[in-house]
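The values are calculated or read from the model by the stated rules, or taken from the named source; none is laboratory data. From a predicted model like this one, the values you see are computed outputs, not experimental measurements. Here the Cβ positions follow ideal geometry from the backbone for every residue, glycine too, while neighbour counts run over all protein chains shown. Accessible surface is based on the protein model in full, side chains and every heavy atom, while ligands, DNA and RNA are left aside. Shrake-Rupley method; radii C 1.70, N 1.55, O 1.52, S 1.80 Å.
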Amino acid sequence: MVEWVMNNDIKGYLKAITTMIGMGGKHPSIEGFILEKGVDFTSQLLTEKEIQIIKTFGFLSFKKKECFRNAQKLALYGKNTHIYYVEGFAIANGLFPVHHAWNSLNDKVIDLTWGPLVKAKGNSLRRTSRILGEFSNGYSYFGITIPTPIIIKELVTTRVFGSIIYSFLRKLYQNNRNDIDYNILFNQIHEDES
């Protein structure tokens, strides 16, 4: 098995994918951008104050398999509480990395889409509803924080909860930009940061 799979190594995965994409010439990709600009998010306990902040959003509903929607929705509602939208790649239960979105609160993972697998009736497994700060071995998060004003702009423009990084890359492709500098893309995403 590939070493990055066995070690929950998102960066190793992103390097492998970026290398394969690059074999046909220099082609910008979500994987390359996140590899160059992303950061690791580690498992950390939430403080009592952070738990109370999260509890204030208990009225919101979050849907399975809709990570971009869930994370953007929480970032919009939590914009005055230091809850931010993060987009990148994550590994759950030691499986392959997937393009994913979650939130951060003081650089701690708030993932309202994924949760750990637990035993259910008849020895089957089911996923619990969320990760709040702490996550077990077999989980890994690597991504880029996206400012809330960018989420608002994208929602006004597209009327869809989706990958913001993909949207920015698509716009650059439409302008026939195959030589995308990830620093320019990163600066465009963070231009309205306040």
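Evaluate the following for Leu105: is it open to solvent by less than 10 Å² (accessible area, probe 1.4 Å) and modelled with pLDDT of 90 or more?
Details: open to solvent by less than 10 Å² (accessible area, probe 1.4 Å): yes; modelled with pLDDT of 90 or more: yes.
Answer is yes for this residue.
Within region 135-152, being loosely packed, with under 14 Cβ neighbours inside 10 Å and either modelled with pLDDT of 90 or more or not small (Gly, Ala, Ser) (or both) holds for one residue alone: Asn137.
A single entry from Phe186, Phe168 fulfils the requirement of being at pLDDT 80 or above, closer than 22 Å to His82 by Cβ and part of a helix (DSSP H, G or I): Phe186. For region 26-57, taking the residues that are open to solvent by 60 Å² or more (accessible area, probe 1.4 Å) and either part of a loop (DSSP other than H, G, I, E, B) or touching a helix residue (DSSP H, G or I) at 6+ places or on another chain (Cβ under 6 Å) (or both), the one that is modelled with the lowest pLDDT is identified as Lys26. What number of residues in region 60-87 are touching a Leu at 6+ places or on another chain (Cβ under 9 Å) and not in a helix (DSSP H, G or I)? Matching residues across region 60-87 total 8. Within region 58-79, take every residue that is free of Cβ contacts under 8 Å to residues at least 24 places away in the same chain and either touching a helix residue (DSSP H, G or I) at 6+ places or on another chain (Cβ under 6 Å) or of a type in the set (A, V, I, L, M, F, W, C) (or both) and give me the one that is least open to solvent (accessible area, probe 1.4 Å). Here the residue is Leu60.
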